[in-house]
């Protein structure tokens, strides 16, 4: 008798396929009001984030941001001072064109949601009227309110993908910490009891579209695809 297939187990959301809550104990967010300056109390590691984090002390309150390249403990960072220096948190309307920034707010006061991955940064590309345009790593521009805040600099940890895993065990523990499915086996290599595509016979690999009302365990392959087939030029 076959077991429930992986898609069913992942859909249920058990601890095996979920990030543990403790991994997200650090929330990366600016306080609603920032003035004066803050101090980098500590640089720390977080299992849920690719970049090292910085613990910032400001007016007896603490908040966390992704660390920038070259940040050290005890360093002072200023808020809304107008000084263009790595680590300073400024309104994007006060940042000159061609400056690298990260941890950018989508709307003023939301705490920063864009560019928070290790080694990444965006560039303030142009100012047009009452809007500021930022060039993202995907080479797409986004129009932002000039009151949105951002951090000057580049996020630390940019070389993390250059180091090879070497051993399968290291990759296993990394994926386990983030609740990722690894190793992933191709569906046609499963036994017939373990997957709708499995079996040693009839391995005619074509794109299969699951019905929208298919039950868990049958809903595999292409799920509600926008288009199928070869793209015509």
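The values are calculated or read from the model by the stated rules, or taken from the named source; none is laboratory data. Predicted model only: the values in this text are computed from it and were never measured. Using ideal geometry, Cβ is built from the backbone for each residue, glycine included, and neighbour counts are taken over all protein chains shown.
Tallying residues that are without any contact (Cβ under 8 Å) to a residue 40 or more places away in the chain, on the phi > 0 side of the Ramachandran plot and buried (at least 16 other Cβ atoms within 10 Å of the Cβ) within the stretch 83-141 yields 0. Checked against the criterion of being in contact with a helix residue (DSSP H, G or I) (Cβ under 7 Å, 6 or more places away or on another chain), assigned to a helix (DSSP H, G or I) and farther than 24 Å from residue 161 by Cα, the stretch 17-27 contains not a single residue that satisfies it.
Taken over the stretch 60-82, the criterion of being part of a strand (DSSP E or B) and surrounded by 22 or more Cβ atoms within 10 Å (Cβ to Cβ) is satisfied by 65, 66, 68, 77. Counting only residues that are at pLDDT 90 or above, surrounded by fewer than 16 Cβ atoms within 10 Å (Cβ to Cβ) and closer than 24 Å to residue 147 by Cα, the stretch 38-59 holds 2 of them. Listed by first and then second residue, the pairs with beta-carbon distance under 7 Å, at least 6 apart or on different chains, first residue in the stretch 157-172 and at negative phi, second outside any loop (DSSP other than H, G, I, E, B), are 165/171.
Does residue 51 meet the test of being in contact with a helix residue (DSSP H, G or I) (Cβ under 6 Å, 6 or more places away or on another chain) and in a loop (DSSP other than H, G, I, E, B)? So residue 51 fails the test.
Does residue 63 fit the bill of being closer than 21 Å to residue 22 by Cα and in contact with a strand residue (DSSP E or B) (Cβ under 6 Å, 6 or more places away or on another chain)? When the stated conditions are applied, residue 63 passes them.
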